[in-house]
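> Following this message is one structure expressed as C-alpha cells.
Throughout, read-outs are computed from the coordinates displayed, never taken from laboratory work. Quick caveat: nothing in here was measured; it's all calculated off a predicted structure. Cβ placement follows ideal geometry from the backbone for every residue including glycine, while neighbour counts extend to all protein chains displayed.
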C-alpha cells in the first residue's frame, strides 16, 4: 500500500469515473487523456490498497470497496469546498448550506429565514435551490418531500400533513353549501406535479385527465392559480396554511385526508457540525409550532429513524 496521499485531482478522477461509468467519458469530462485518468485512478487504488473499479462491458463499475471509498471521498471533497464559504459570513459566523426545491424556498424557507438563522444571528444559511438531492456533508442538510429515506443519507420526518381543498374567497362564495367529493368534481381542480393528492381526498383509485383541470409544475403555483380564481387547489396543511392566509384562500370543505408523504430533513451519515444540528433543530421546532404540537424548539424524538446529533 502506498501511504502518500493522492492529489485532489486523483480523487476527482475517481469521482467522475464513478459518475460516468467510463474512463473515456471521465477523461473527456476533465479534458485530459485516457492514460492520465488511468494513472490517477491507479494512484488512488494503490493508496487505498484495493481495487475501486471493475471492468463491466465497455465501461467500469464500482467494486464493493469502491462504493465506500467514493462515498467518503465525495463527502471530504464537499467539505473542502465548503471551507471557502466561511469567508462569506466571517470567521465567527458558521455557514450551513441547505438544499431545497423552489416551492419550499418561496413558501416556507424564505419567510422563516431570519428565525432559522437565530436572534441574535448565530449562523448563515446558504440556499441551494434545486430539484435534485443535494450532496450532503458536515455543513449541509436538505429538505425533501416524500416517503423517505434517501440513499446515502439519514432522514428525520417532519410534521404529518393532511389534504384539504381551498379556493379564492370569490370562487368559494359561488360554490354550493356542503361540498362533497361528488359535487367537487363538477368544478375545475388544480394539480401540482404529484398526482396522488386529489385521488386520496376524493377516495378514488385514480382520477382521469380532465380538460377543465389545470396541471402545474409546483405546489406554490397551484396556490397562486387558486388565488386567481382558476379552480380549487388541494392544500397540504399545515405547510400551506400561512401562504393561504396571505393569498386570501379559504377552505371549501371540512373533509380532510391524510397525506402519506411528508417533508424530511436529510443529512449525511457522518458527523454534523454544531451549526447544522442547530439548524435542523430549529426547522423541527418551527414545523412543530405550525402544527400546534408545541412551540419550543424540541430535540429529536429518539423514536425517529435517525437522530441528527
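> Run the simple label-point estimate for residue 15 and residue 195 please: 7 Å along Cα→C-beta, distance reported in nm.
So the two model labels end up 3.6 nm from each other.
> Helix 34-48 versus the longest principal axis of the chain: what angle, 0 to 90°, nearest 10, using Cα atoms?
With both axes taken from Cα atoms, the answer is about 90 degrees.
> Return the FRET efficiency for the residue pair residue 64, residue 147: r is the Cβ-Cβ distance, R0 is 35 Å, and the value is rounded to the nearest 0.05.
For residue 64 and residue 147, the calculated efficiency is 0.80.
> Relative to the longest principal Cα axis of the chain, at what angle does helix 274-291 sit, 0 to 90 degrees, rounded to 10?
Compared with the principal axis, the helix lies near 10 degrees.
> Please check which bits of the stretch 219-235 a label hung off residue 170 would reach, taking the label as a point 7 Å along Cα-to-C-beta and the cut-off as backbone N under 20 Å.
Residues 221-234 qualify, since their backbone N sits under 20 Å from the label point.
> How many percent of DSSP beta bridges within the chain run antiparallel, rounded to 5?
About 65 percent, rounded to the nearest 5.
> Continuing with the same structure: Expressed as an acute angle from 0 to 90° and rounded to the nearest 10, what is the orientation of the C-alpha long axis of helix 8-20 relative to the principal long axis of the chain?
Around 50 degrees separate the two axes.
> Quote the relative contact order of the stretch 162-277 in percent (integer), defining contacts as alpha-carbon pairs under 8 Å separated by 6+ residues.
43 percent
> By how many nm would the segment from residue 208 to residue 133 grow when fully extended, if each residue of separation counts as 0.36 nm and the alpha-carbon distance is taken off?
23.9 nm
> At a Förster distance of 51 Å, what's the computed FRET efficiency of residue 121 paired with residue 5, Cβ-Cβ distance as r, to 0.05?
That gives a FRET efficiency of 0.85.
> Right, something else. Quote the convex hull volume per residue of the stretch 1-51, based on C-alpha atoms, as a whole number of Å³.
Working: hull volume 3.1 nm³, N = 51.
In the stretch 1-51, the Cα hull volume divided by residue count equals 61 Å³.
> Still on this structure: Relative contact order of the stretch 1-75: what whole-number percent is it, with Cα pairs under 8 angstrom and at least 6 residues apart? Mind dumping the intermediate values first?
On the way: 86 pairs, mean separation 26.3, N = 75.
Here the relative contact order equals 35 percent.
> Something else now. Can you give me the Rg/Rh ratio for the stretch 107-202, using Cα atoms for both radii and the Kirkwood formula for Rh?
Over the Cα atoms of the stretch 107-202, Rg/Rh equals 1.08.
> For q values of 0.17 Å⁻¹, compute log₁₀ I(q)/I(0) with the Debye formula on a Cα-only model of the stretch 203-259, without solvent.
-0.62
> On the Cα set of the chain, report Rg and Dmax in Å, please.
Both quantities, over Cα of the chain: 23.8, 77 Å.
> Hey, another quick one. What is the distance in Å between the Cα centres of the stretch 183-256 and the stretch 1-61?
The two parts, judged by their Cα centres, are 49 Å apart.
> Can you tell me what the convex hull of the Cα atoms of the stretch 141-194 projects to on average, as an area in nm²?
6.0 nm²
> For Cα pairs less than 8 Å apart in space and 6+ apart in sequence, what is the mean separation divided by the residue count of the chain, i.e. the relative contact order in percent? Show your work: numbers first, answer last.
Details: 488 pairs, mean separation 59.4, N = 309.
This gives 19 percent for the chain.
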